[in-house]
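Please treat every number below as a calculation from the coordinates, not as lab data. Since the structure is predicted, the reported quantities are computational estimates derived from the model, not experimental observations. Note: ideal-geometry Cβ built from the backbone for every residue, glycine included; neighbour counts use all protein chains shown.
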Amino acid sequence: MAFEVRIPEVGESVSEGVLVEWTAADGAVVAVDEPLLVLETDKITMNVTAERAGRLQIQVGAGATVRVGQVVASIAEEGDGARPAAALRPAAAGAPEAAPEPTAAGGDEDHGRLTPAVRRLVHEHDLDPARIEGTGRDGRILKGDVLRHLEARQSSATAAEAPARPATGPAKAEPPHAPARTAATTAAAGERQTRAPMSRLRQRLAERLVEVQRTAAILTTFNEADMSRVMALRSAHKEDFAKRHGIGLGFMSFFVKAAVDALRTVPEVNAYIDGTEVVTNHYFDIGVAVSTDKGLVVPVVRDADRLSMAEIEAAIADLAGRAQERRLELSDLTGAVFTISNGGVFGSLLSTPILNPPGSAILGMHAVQRRPVAIGDEIAIRPMMYLALSYDHRIIDGREAVSFLKRIKDCIESPERMLLEV
């Protein structure tokens, strides 16, 4: 009997989402835990994996709005008379029937190893899959492989045409500071503008950010930290740290430890408004902003006060990895009142981070820059980092905000404070 693939429950407040794409091909044999589809809701984008091994039979096409619990495919065990790839059933009640994916050039033998997105590209550009080098598992052709093939083909065609072009005048120059040509722009050559629907995740993120700007009294206070001591400590011990714990030592674990210390010192920052009540947390869940191809997400490091530096680094690496692989669960994204965002990894020197609701404060880290500073009566060159704390003035006063950020600065400039708790 075939196993039904259903849209899983994501969270109490999530009832539907969009089936963005099938990562396994219709009619393909899949293994247990192999990714089947990408589901996007207004809170999270995630991979849905196979709970059974067998031949996949897709029933709902990519791009359809689907409900939690809805059957979107089945997996038949080998020998159960599984059908070959066929036309898809309607995506949802009242929705138009989805058309079958176009068959790629090259025949049915390639059908099983091409995802729907790849088949579509191959069909649109009349490509032979046998001529495309696949970099996926078992030589499977990925979307990026097709785009690289198209770019290489266009480059070859351009080079071949160049000598034959009549000299009718100077070539049209690219505008100043024109962006580099990529596979994506080459595939849509000639288009001056494109239009695409916002993802549900991006729509919800936009709504939440506008809402927090409208409802919270957001202020930002600034300071700067001399990173000399932390950098020296990290440089002296990073190799031994990696050998002993199997993970690298970064700046983020220092700042998480400093945040825990500062939250203990200024507990008003570890609170939030719920209606007419102020709720203060007496535990230390720290949100850490992570950038993904689908946008910014803020997974939570739980009970950071109970974790060692190595455990903090491991937790952040695990959350960041699962965010990139779309394996985060909704529970990974909830519960934090305080967030840390490191724009410095992208080169940002200074910014005013926006609150992550329902949080009341967010710390912005920035790029380390060597610059002259006054040390006593002398000028010295030190590695400095600007720090920014955005906070909700409805619940946190300026004195608490400034004191909190000053405590962060003190902990980073004298990291032994966190060890001695002084």
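Details
- Taking label points 7 Å from Cα along the Cα-to-Cβ direction, Leu233 and Glu124 give a separation of 5.2 nm.
- Long-range amide H partners of Ala73 with built H, under 5 Å: Val5, Gln59
- Kirkwood hydrodynamic radius (C-alpha pairs) into Stokes-Einstein, the range 201-420, 4 °C and 1.567 mPa s, D in µm²/s: 72 µm²/s
- With a Cα cut-off of under 23 Å and a minimum spacing of 8 residues unless on different chains, the lysine pairs in the range 201-420 number 5.
- Between the amide H of Ala64 and those of Leu19, distances stay under 5 Å, these residues lying 5 or more places away or on another chain, with hydrogens modeled in the peptide plane.
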